[in-house]
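Have a look at the structure below before the remarks.
Nothing in this text is a laboratory measurement; each read-out follows from the coordinates by a stated rule. No experiment lies behind these values; they were computed from the predicted model shown. FYI the Cβ positions are ideal-geometry reconstructions off the backbone, even for glycines, and counts take in every protein chain you see.
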Ligand SMILES: O=C(O)CCC(=O)C(=O)O
């Protein structure tokens, strides 16, 4: 009996030791590559940094304001029409594209809504979130969703924030289904995994985002070098490390908490290495286009693939899967 138990323990423990060692090595490597901005900028991203310095983006006044606020707070909601300036009609094309996608996936959306009401949120998946471009989004430079991210002021904000050339790392259309299920996964407070020195997301609001649509919430300043030092106890849920609400409430005053309420056409920008949560829609679905910008040397898994008939050379500013 005793021998049986220890034998089981031995076979079960060896892979676990391996897994632990591999995870620790992976974390150490990420820390070297992603945590230190100097190593990232002048080592792994040197060429992109030099290209950025040789040819920095010419930012408009509204775009400069976004960058300034992002550097200080890590979050800002801005009107995309002001950012796009003469290209403001692009926003209408984005909205038309999203509405077409929504109509195309209407049945799936309603099936997912029924399953969420019946089964709640599973242990390892975001059942409250429908990604209208799927898990492997196909990218086409003629697609308005892609054109928005690569528009000079939009991409320019990301580059100025990183102070290096960046790439569009992810794009999807998120429909967060309204639910009365308790918060789970990224609806709970967390920082994104350390897979780059900064991780900049832009959530373009297709519809208004009132409080009932579960706007992003963010603790201002937790993106700065000082703010990144704030470490709170957290639990791993299979996707990320989550911090309990009570701990956040006890640590931070209300004025440093931002709730990214907005109107259709606004963009919520956030460095998601800062403390945040979002997408817990309770009374009305939230419909946004989600963009992630990263540096070329980031360690974040890639999901984008070129659309049919599009070559990789057509997408030099997009991070594509091998
Ligand atoms: O859905 C949101 O507002 C936030 C999502 C999130 O936490 C993330 O993308 O890291």
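Label 7 Å along Cα→Cβ of residue 42; region 198-217 residues with amide nitrogen under 20 Å? Taking a point 7 Å out along Cα→Cβ of residue 42, the residues of region 198-217 whose backbone N falls under 20 Å are 198. The distance linking region 92-129 with region 21-65 is 34 Å (Cα centroid to Cα centroid, whole angstrom). By DSSP, the beta bridges lying fully in the chain are antiparallel in about 95 percent of cases. What the Cβ-Cβ distance of residue 119 and residue 284 gives, at R0 = 30 Å and to the nearest 0.05, is a FRET efficiency of 0.90.
In terms of the mean number of neighbouring beta-carbon atoms within 10 Å, the peptides 83-91, 68-76 order highest first as 68-76, 83-91.
Shown here are the Rg and Dmax of the Cα trace of the chain, at 20.6, 77 Å.
Once the Cβ-Cβ distance of residue 54 and residue 150 is raised to the sixth power relative to R0 = 25 Å, the FRET efficiency obtained is 0.80. For the chain, modelled as a Gaussian network with Cα springs under 10 Å, which listed residue fluctuates most, 145, 204, 232? Ranking 145, 204, 232 by mean-square fluctuation puts 232 first. Fully extending the segment from residue 211 to residue 224 would add 2.0 nm, taking 0.36 nm per residue of separation and subtracting the current Cα-Cα distance. Per residue, the chain reaches -11000 deg cm²/dmol at 222 nm when only DSSP H runs of four or more residues are counted, each adding -39500 (n - 2.57). Sorting the segments 94-102, 167-175, 241-249 by their residues' average number of neighbouring beta-carbon atoms within 10 angstrom, most packed first, yields 167-175, 94-102, 241-249.
Which whole-number percent is the relative contact order of region 36-314 (Cα, under 8 Å, 6+ apart)? Over region 36-314, the number comes to 31 percent. Highest mobility in the GNM of the chain, judged by mean-square fluctuation with C-alpha springs under 10 Å and restricted to 186, 295, 311, is found for 311. Rounded to the nearest Å, what's the spacing between the alpha carbon centres of region 212-283 and region 137-188? Just the number, please. Region 212-283 and region 137-188 have Cα centres separated by 17 Å.
Given a Förster distance of 41 Å, report the FRET efficiency between residue 264 and residue 19 from their Cβ-Cβ distance, rounded to the nearest 0.05.
Details: r = 45 Å, r/R0 = 1.10.
The computed FRET efficiency comes out at 0.35.
Our summary gives region 159-294 a relative contact order of 52 percent, counting only alpha carbon pairs under 8 angstrom and 6 or more residues apart. Springs between alpha-carbon atoms under 10 Å, Gaussian network over the chain: tell me which of 280, 190, 105 tops the mean-square fluctuations. Sorting by GNM fluctuation, first place goes to 105. Descending by average beta-carbon neighbour count within 10 Å, the peptides 55-66, 214-225 line up as 214-225, 55-66, the highest first.
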